[in-house]
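As structure tokens, the structure follows; a few thoughts come after it.
The values are calculated or read from the model by the stated rules, or taken from the named source; none is laboratory data. What you see is a predicted model; the values in this text were computed from it and never measured. Here the Cβ positions follow ideal geometry from the backbone for every residue, glycine too, while neighbour counts run over all protein chains shown.
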């Protein structure tokens with residue numbers, strides 16, 4: 001299954017990046033550059049989704065439209081795609 005959620009990334013004064021997912025509560029990422037921050041975002045989103053899907057009654061949050069996000073100066077929004085397998089050994 002594929003999930004796509006937006007992440008808002010903010011450039012820090014030292015040139016590194018930090019980000020958060022507006023739809024995934026307490027899901028954050030960071031990196032020395034934008035590429036590393038996006039890789040960390042993908043891993044953070046995967047872990048968030050994995051934890052939620054292990055619940056008895058998982059509820060996946062609504063996906064915000066990236067065009068509706070309110071960005072401040074120095075912020076960018078990107079979509080992060082996560083591929084999730086529900087069981088070990090299953091081939092897509």
Considering only the range 68-82, I want to know if a residue exists there that is modelled with pLDDT under 95, touching a strand residue (DSSP E or B) at 6+ places or on another chain (Cβ under 7 Å) and loosely packed, with under 12 Cβ neighbours inside 10 Å. yes
Criterion violated by residue 52 - all others in (1) without any contact (Cβ under 8 Å) to a residue 12 or more places away in the chain; (2) farther than 15 Å from residue 1 by Cα; (3) part of a helix (DSSP H, G or I) satisfied: (2)
For the range 27-50, which positions are more than 9 Å from the chain's Cα centre (by Cα) and closer than 18 Å to residue 69 by Cβ? 34, 37
Kindly indicate which of 45, 41 is over 15 Å from residue 1 (Cα atoms) and either surrounded by 14 or more Cβ atoms within 10 Å (Cβ to Cβ) or free of Cβ contacts under 8 Å to residues at least 24 places away in the same chain (or both). 41
Residue pairs meeting the criteria (Cβ under 8 Å; at least 6 apart or on separate chains; first in contact (Cβ under 8 Å) with a residue 40 or more places away in the chain, in the range 71-83; second in a strand (DSSP E or B) and exposed (fewer than 10 other Cβ atoms within 10 Å of the Cβ)): 81/2; 82/2; 83/2
Matching residues, the range 4-24, being touching a residue at least 24 places away in the same chain (Cβ under 8 Å) and under 13 Å from the mean Cα position of the chain (by Cα): 4, 5, 6, 7, 8, 9, 21, 22, 23, 24
Candidate set: the range 10-30, residues that are in contact with a helix residue (DSSP H, G or I) (Cβ under 6 Å, 6 or more places away or on another chain) and part of a loop (DSSP other than H, G, I, E, B); chosen: the one surrounded by the most Cβ atoms within 10 Å (Cβ to Cβ): 24
The lone exception for residue 1 - which of (1) free of Cβ contacts under 8 Å to residues at least 60 places away in the same chain; (2) out of contact with any helix residue (DSSP H, G or I) (no Cβ under 6 Å at 6 or more places or on another chain) it fails: (1)
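Rundown of residues vs (1) within 12 Å of the chain's Cα centre (by Cα); (2) assigned to a strand (DSSP E or B); (3) farther than 19 Å from residue 10 by Cα, yes/no style:
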site	(1), (2), (3)
56	no, no, yes
67	no, no, no
70	no, no, no
78	yes, yes, no
